[in-house]
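Single-structure report; data block below.
The values are calculated or read from the model by the stated rules, or taken from the named source; none is laboratory data. This one's a predicted model, so the numbers in the text were calculated from it and none came from an experiment. Positions of Cβ are backbone-derived with ideal geometry, glycine not excepted, and every protein chain shown enters the neighbour counts.
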Amino acid sequence: MATTYDQTISQSGVWDDSTDSKNVLLDGSGSTSGITLSVNTGTTSWNEGDSSGSPFTTQALTIEGNVTLAGNGYLVDDGNLTNNGSLTITNPNFVVNDIVSGNAITIANGGGLTVGTLNAPISFGASPSDPTAYNTLNIKNYGTEVTINNLSPRDKIVFENGQSKTLHWSGDGSEIVDQNGAIVAKVTFAPGYSKDDYVFDGDTVTITCFLSGSMIRTADGDVAVEDIQIGDQLVAFDWKSNKNITRSVVWVGKAHATVHPERSDDEAGWPVRILKDAIADGVPYKDMLITPEHCLFFKDRFVPVRMLVNNASIFYDKSIFSYDYYHVETDQHSVITADGVLTESYLDTGNRSSFRQECKVVTLRGEAKSWKKDAGAPLCVERSFVETLFRALEWRENSVIGCLVPLEKSEITNDPDLHLITDTGAIVHPMRRTMHQYSFMLPSGTQSVRIISRASRPADVIGPFVDDRRYLGVAVTDIHLLSAKQQHNITAHLQVEKPEGWHATDWTDCAWTNGNAALPLGDLLPHDKMGILSITVRAAGPYLVYKQQIAKAYSA
């Protein structure tokens, strides 16, 4: 007997209270690109969806076709979820109280799923753009073995019901097992990762800064970071009053890093080496090794060291492929001194579980903090400030012993090499090109294309002092499809929820590709008619030719 539903939603839109306590079918099968439902906050007069205490609700959910749950509001399914199609969750606040079953579900872009019992595979997708956020899976009852695919460092799994006192990896890392040896989950990792990139914190598995030998200034002199203990008094600089004070150590954490050389230098995990005297005479007083996101203190601001890498006196040390590193937390986030350099103590923005506490005294963790509310000094990544520092440190290179000889710069081009790949795999080059407009002849029946171009990161092309590490292809404004004497405006790339491979811009009428962006066309192009797709490009390049050639070879 066919299932009867109280309500069927078959078009993209904003979630509302009409689904409350109903058996709902989300049906994306009628659209090639599927449907997206944005669960937002405050969309009703009583602000339903604003919190876990007042969520939108359903009695049960069934998925057909391609469906995406987006937004940041709260949605609770009080019954079961049956996935007969393809479900992607980018909403961080989705709860299914009973059973999730059926096809694999993707959690991506900071999405979160809390589930009673999980009988469907989970695949983690793209990492969230917020560096403090995770893709999160929370399983309340895990009596049955679950399957988790594509696990990467920005994914978090929580086994909530406390059946296990301890969790650990099997020998080859393909399984999570409990203290009795029972298999809790079968796991595959994203390319380049392994079980060594993760730690367990009770019933939670997450990934994740000083390296061993860093000398931290205490009230009793400089002490190696690995020897710092809770209760030690560190010398801190109160920049507002321009004097030194003391801060008590409240937590010390240790973690292990393994480098992934196939990634960009700043994301591979290489430690940053700051040569002796690189900042000023005697600063640091010996070579300093820290992680790329660790901040140094300049002119009343914290600056991530990755933005100061000049490949001469400050560089990624590629002789170190794995290492232990440490965080030292004081009672307040502070400016402390390491190796003679003003730097930061640890600020817990939510990644404390990535570290093991080394000392005998165990401390309880509080709520995660933020740079905006809790930082000991402002975090600054503005180019106008950081580039000035970068140039000043670059100018000192002749005064520093042991500087690397910079490699010859890569060739730069402004040619995007723009072309398309259709849903059947056909490569389409432009049939006509003006200054900003590219026109392509599409085969009949084409339902989607990928916009392919060169792509580079501003941080690579311009310099690390630019805090933009997105791969940018071309900035696209208008897209038109002409077929059977009808012109269709394509605007999928301008929507809040964009197709895969698009970045938002400061312009509302434009979006950047990442060099390989999806563009759904649906059924606009009949099976017996060809069409002309016109793309207007507002900006393109510059691109690093050498790196792009490597990327093309890898993708091929």
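Before moving on, here are some points about what is shown:
- Only listed residue being surrounded by 14 or more Cβ atoms within 10 Å (Cβ to Cβ), of a type in the set (A, V, I, L, M) and out of contact with any helix residue (DSSP H, G or I) (no Cβ under 9 Å at 6 or more places or on another chain), chosen from V283, V252: V283
- Here L525 meets the list (1) crowded, with 19+ Cβ neighbours inside 10 Å; (2) within 28 Å of the chain's Cα centre (by Cα); (3) assigned to a loop (DSSP other than H, G, I, E, B) almost entirely, failing just condition (2).
- Residue pairs meeting the criteria (Cβ under 7 Å; at least 6 apart or on separate chains; first in the same structural domain as K498 (by TED's automatic domain parsing) and of a type outside the set (D, E, K, R), in region 65-78; second assigned to a strand (DSSP E or B) and surrounded by fewer than 22 Cβ atoms within 10 Å (Cβ to Cβ)): none
- Of the strands (runs of 3 or more DSSP E) lying entirely inside region 309-403, those containing at least 3 residues that are at pLDDT below 85 span 322-330.
- Residue check: G30 meets all listed conditions (1) under 26 Å from D523 (Cα atoms); (2) at pLDDT 85 or above but one, namely (2).
Residues checked against (1) more than 21 Å from D528 (Cβ to Cβ); (2) buried (at least 17 other Cβ atoms within 10 Å of the Cβ); (3) not polar (S, T, N, Q):
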site: R433; (1), (2), (3): yes, no, yes
site: M441; (1), (2), (3): no, no, yes
site: R450; (1), (2), (3): yes, yes, yes
site: S453; (1), (2), (3): yes, yes, no
site: R470; (1), (2), (3): yes, no, yes
site: G473; (1), (2), (3): yes, yes, yes
site: D478; (1), (2), (3): yes, yes, yes
site: L481; (1), (2), (3): no, yes, yes
site: A492; (1), (2), (3): yes, yes, yes
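- When the residues of region 447-468 are filtered to those that are hydrophobic (A, V, I, L, M, F, W, C) and under 16 Å from T505 (Cα atoms), the one that is modelled with the lowest pLDDT is A455.
- Among residues of region 532-548 that are in a helix (DSSP H, G or I), those with a Cβ under 6 angstrom from a residue that is crowded, with 20+ Cβ neighbours inside 10 Å and modelled with pLDDT of 90 or more, sequence gap 6+ or separate chain, pair up as Q548/R454.
- Enumeration of residues in region 488-514 that are part of a strand (DSSP E or B), in contact with a Ser or Thr (Cβ under 9 Å, 6 or more places away or on another chain) and more than 20 Å from N66 (Cα to Cα): H503, A511, W512, T513
- Options I230, I216; residue that is buried (at least 17 other Cβ atoms within 10 Å of the Cβ), in the same structural domain as K286 (by TED's automatic domain parsing) and in a loop (DSSP other than H, G, I, E, B): I230
- Residues of region 464-487 classified as under 21 Å from R454 (Cα atoms) and either under 19 Å from the mean Cα position of the chain (by Cα) or assigned to a loop (DSSP other than H, G, I, E, B) (or both), total: 9
- Inspection of region 276-287 finds a residue satisfying the criterion of being within 21 Å of P378 (Cβ to Cβ) and assigned by TED's automatic domain parsing to the domain that holds L342.
- The residue list V205, V177 contains one member that is closer than 18 Å to I139 by Cα, surrounded by fewer than 18 Cβ atoms within 10 Å (Cβ to Cβ) and at pLDDT below 85, which is V177.
- In the condition set (1) aromatic (F, W, Y); (2) in the same structural domain as P292 (by TED's automatic domain parsing); (3) at pLDDT below 80, F237 is compliant with all but (3).
- Within region 98-144, considering residues that are over 18 Å from A185 (Cβ atoms) and charged (D, E, K, R), the one modelled with the highest pLDDT: D98
- From the options G79, G85, residue that is at pLDDT 90 or above and either more than 25 Å from S10 (Cα to Cα) or not aliphatic (A, V, I, L, M) (or both): G85
A quick yes/no check of all residues on (1) surrounded by 16 or more Cβ atoms within 10 Å (Cβ to Cβ); (2) assigned to a helix (DSSP H, G or I):
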| site | (1), (2) |
| --- | --- |
| A257 | yes, no |
| R263 | no, no |
| D266 | yes, yes |
| L289 | yes, no |
| E293 | no, no |
| F297 | yes, no |
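- Scanning region 24-35 for residues that are farther than 13 Å from I63 by Cβ and surrounded by 14 or more Cβ atoms within 10 Å (Cβ to Cβ) yields a total of 3.
- Residue tally, condition closer than 27 Å to L379 by Cβ and polar (S, T, N, Q), over region 453-497: 1
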